[in-house]
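Written below as structure tokens is the structure these notes are about.
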Amino acid sequence: MLVLAAAACDDPNSGIFDPLIQDDTVDLAIPLVDPAVPTALDVAYANSPVRGRFPELVSHAEQWDLTLRREGVNLVMVPAGVLGFRNPIGGESTAAVTRPMQRAFDEVIEAPSRGLLLPDSTVAVTLGGVYVVRSRRTAAGFGGCENYAKVQPLAVDAAAGRVTLRVVGNARCNDPRLATEG
């Protein structure tokens, strides 16, 4: 009887507000390097399970947050707003990326403040660097949805214009947590 009483006290809402963490690996290339490799990253998890995008395709237009480009000898991540794209639901693009964070990948458990997310700047890709990406605002509920992800380049070949990224993101709208508790 005591066991039943303890079980009856369990929280019926347990887990419904936990982050929805997804772990992916994505290969990206600068445009024209390999037509089979995506050139942009999509972290709008609430919108689609697809991470790699081809912005040059009509079906992928405005469905991406960062694209890979070359600046001099470096590869850079370019938020959509830098190229003049807007949020699909209107307004300036909210897609953004941080500069490399001074923490290990597993230590990044939440997106930093909005001031550290750069919607209007390119950011150099550094092997092993840890970045946080915010998605563009997509349609959801009454105010729209932004998703967050932490990104780490696992392989960078600047000469070939290619990167492999580990992307761990939260599919829960407007939730900056990037890890589950414990």
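Name the residue that is surrounded by the fewest Cβ atoms within 10 Å (Cβ to Cβ), counting only residues in the range 129-180 that are among the β-branched types (V, I, T) and out of contact with any Leu (no Cβ under 9 Å at 6 or more places or on another chain).
Here the residue is T180.
Would you be able to say whether some residue in the range 90-109 is on the phi > 0 side of the Ramachandran plot, modelled with pLDDT under 95 and either within 14 Å of the chain's Cα centre (by Cα) or not in a strand (DSSP E or B) (or both)?
So far as the range 90-109 goes, yes, one or more of its residues are on the phi > 0 side of the Ramachandran plot, modelled with pLDDT under 95 and either within 14 Å of the chain's Cα centre (by Cα) or not in a strand (DSSP E or B) (or both).
Scan (1) in contact with a helix residue (DSSP H, G or I) (Cβ under 9 Å, 6 or more places away or on another chain); (2) among the basic types (K, R); (3) surrounded by fewer than 17 Cβ atoms within 10 Å (Cβ to Cβ) for the single condition R114 breaks and write down its number.
(1)
Taking Y45 and the conditions (1) surrounded by 23 or more Cβ atoms within 10 Å (Cβ to Cβ); (2) farther than 25 Å from G143 by Cβ; (3) among the hydroxyl-bearing types (S, T, Y), which numbered condition does it fall short on, given that it satisfies the others?
Answer for Y45: the failing condition is (2).
The values are calculated or read from the model by the stated rules, or taken from the named source; none is laboratory data. Given the structure is predicted, the values throughout are model-derived calculations rather than measurements. Virtual Cβ from ideal backbone geometry, glycine too; neighbours counted across all protein chains shown.
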